[in-house]
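The structure appears right after this line, and notes come after that.
The values are calculated or read from the model by the stated rules, or taken from the named source; none is laboratory data. These numbers were taken from a predicted model, which means no experiment stands behind them. All Cβ positions, glycine included, derive from the backbone under ideal geometry; neighbour counts span all protein chains shown. We work out accessible area using only protein heavy atoms, side chains counted, and drop any ligands, DNA or RNA first. Shrake-Rupley method; radii C 1.70, N 1.55, O 1.52, S 1.80 Å.
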Amino acid sequence: MITTALSTVVGAPRRRVWRALTDPAEIVRWDERAIRLLEPVSQPLAAGSVLSWRYLLGGIPVVLREEALDLLYEERLHSGVSLGLFHFEQTFTLADEAADPPRTRLSLRLATGNSVAVVGGHLDRFAVRRQAAELVDTRLRALQKWCEAQG
């Protein structure tokens, strides 16, 4: 099992970050790879909620399916994700960061298998780790930028 975890401080209150993380209308605006939601989803999200997206992976449109496995409002969102042939679990955690104005410590932990089958072969653990780290970093930076711009 490969685990990648990173965190950042977002210059926005936790409630703002949570909304950006869980509202499909916002996700499609901060995640440039999320093209469109394929099926409507009821709000607020709950354990068992499924978001299916048309999503770009290396410029190729695939389906991203994200199922909320466990969530604690404004604190943690743990999801099972299928992105094309890639399957992983991701956990976002949010915590208040002591500051005025309010800031949020946002962490993302991604766990996946040691190798991933692809057409004509597989990605070894080094390639998987590199892809996981890139995905975590990209998502955190995009979410941070969006929340700080929205206030």
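What the table below lists for this structure:
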| read-out | value |
| --- | --- |
| Close pairs from region 125-151: first in a helix (DSSP H, G or I) and of a type in the set (Gly, Ala, Ser), partner surrounded by 13 or more Cβ atoms within 10 Å (Cβ to Cβ) and modelled with pLDDT of 90 or more, Cβ under 7 Å, at least 6 apart | Ala132/Leu110; Ala142/Trp30; Ala142/Asp31 |
| Qualifying residue in region 70-90 (condition: among the basic types (Lys, Arg) and out of contact with any Leu (no Cβ under 7 Å at 6 or more places or on another chain)) | yes |
| Selection status of Ser42, in a strand (DSSP E or B) and of a type in the set (Ser, Thr, Tyr) | no |
| Filter result for Val28 (in contact (Cβ under 8 Å) with a residue 60 or more places away in the chain and either small (Gly, Ala, Ser) or surrounded by fewer than 17 Cβ atoms within 10 Å (Cβ to Cβ) (or both)) | no |
| Any chance Asp23 is surrounded by 14 or more Cβ atoms within 10 Å (Cβ to Cβ) and among the charged types (D, E, K, R) | yes |
| Qualifying residues in region 57-106 (those that are open to solvent by 30 Å² or more (accessible area, probe 1.4 Å) and of a type in the set (Ser, Thr, Tyr)) - the one nearest to Gln131 (Cα to Cα) | Ser82 |
| One residue from Leu64, Leu69 being in contact with a His (Cβ under 7 Å, 6 or more places away or on another chain), within 18 Å of Arg139 (Cβ to Cβ) and free of Cβ contacts under 8 Å to residues at least 40 places away in the same chain | Leu69 |
| Subset tally (residues that are in a strand (DSSP E or B) and out of contact with any strand residue (DSSP E or B) (no Cβ under 6 Å at 6 or more places or on another chain)) for region 64-107 | 3 |
| Boolean, Thr4 is closer than 26 Å to Asp100 by Cα and part of a strand (DSSP E or B) | no |
| Residue that is least open to solvent (accessible area, probe 1.4 Å) [pool: residues in region 107-125 that are at pLDDT 90 or above and small (Gly, Ala, Ser)] | Ala111 |
